[in-house]
C-alpha cells in the first residue's frame with residue numbers, strides 16, 4: 001500500500017501570492033475615472049474661453065461648434081429667431097456679423113430683418129413682411145442706413161432685446177465659435193471621452 005506523502009509542491013498557494021505570481025489583479029476604475037475627468041476638464045477649459053453674454057441677455061443660444069450661431073426667445077406671444085453669421089468666414093479678425101432676424105406672430109404674420117452688427121451698432125439693410133402665410137411675401141423694402149425708418153425699426157428691435165449693447169458680444173461670440181482649432185480640439189476630446197465613458 002502506498003502512502004500519500006505531503007510535498008511542498010502540492011501545497012495550496014495563497015491567493016495573494018498567486019496574484020503577485022501571475023499578474024497583480026488591481027481595479028482599473030480609479031484610473032478610468034481620472035482619465036474621463038481629465039478629458040472633461042480639457043473640454044470645459046476650451047469652451048469656457050467662449051465670450052460670455054452680457055448680464056440679463058434674453059436669448060437662448062445654440063452654438064454647434066463651427067456652425068452658425070442661433071438665438072431664440074418668446075416675448076408677448078411672439079417667437080423671435082436670430083441666425084448670426086460671419087461676414088467673411090475666411091477672416092480671423094471679423095469686426096461685423098450678418099443677422100437674419102425672424103419675428104413670428106401666432107396668426108401667421110411675420111417680419112424678417114436682414115441686418116449687420118458691428119462692435120457698437122446694428123444696421124438694418126432689408127425688411128420683409130408676410131401676412132398670414134409664411135411663404136407669401138406681403139412687402140419687401142431696403143432700408144437706408146441713416147433714415148428715420150432705420151431709427152424706428154431699430155427701436156422696434158431694441159424693445160425685443162436686439163440692441164446695440166449686445167452687438168460686440170455677437171461679433172466676438174460668432175468669431176470664437178467659428179475657429180477651426182477650437183472646433184477640432186473639442187470634437188476630438190468629446191469622441192475620446194465617449195469611448196472612455198462607454199469602455
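The values are calculated or read from the model by the stated rules, or taken from the named source; none is laboratory data. Quantities reported herein were computed from a predicted structural model and do not represent experimental measurements. Don't worry about glycine lacking a Cβ; one is built from the backbone with ideal geometry, like all the others, and counts go over all protein chains shown.
Some observations on this one:
- Note on segment 162-195: residues that are closer than 22 Å to residue 79 by Cα and without any contact (Cβ under 8 Å) to a residue 60 or more places away in the chain total 3.
- In segment 4-25 there is no residue matching the filter, namely being under 30 Å from residue 168 (Cα atoms), at pLDDT 50 or above and in a loop (DSSP other than H, G, I, E, B).
- Some residue of segment 113-134 being surrounded by 15 or more Cβ atoms within 10 Å (Cβ to Cβ), closer than 21 Å to residue 76 by Cα and under 24 Å from the mean Cα position of the chain (by Cα): yes
- Unmet requirement for residue 159, which otherwise passes all of (1) surrounded by fewer than 15 Cβ atoms within 10 Å (Cβ to Cβ); (2) on the phi < 0 side of the Ramachandran plot; (3) in contact (Cβ under 8 Å) with a residue 24 or more places away in the chain: (3)
- Residue match in segment 174-187 (condition: at pLDDT 80 or above, over 27 Å from residue 37 (Cβ atoms) and either out of contact with any helix residue (DSSP H, G or I) (no Cβ under 9 Å at 6 or more places or on another chain) or not in a helix (DSSP H, G or I) (or both)): yes
- For segment 26-47, taking the residues that are more than 18 Å from residue 196 (Cα to Cα) and either surrounded by 10 or more Cβ atoms within 10 Å (Cβ to Cβ) or at pLDDT 75 or above (or both), the one that is farthest from the chain's Cα centre (by Cα) is identified as 45.
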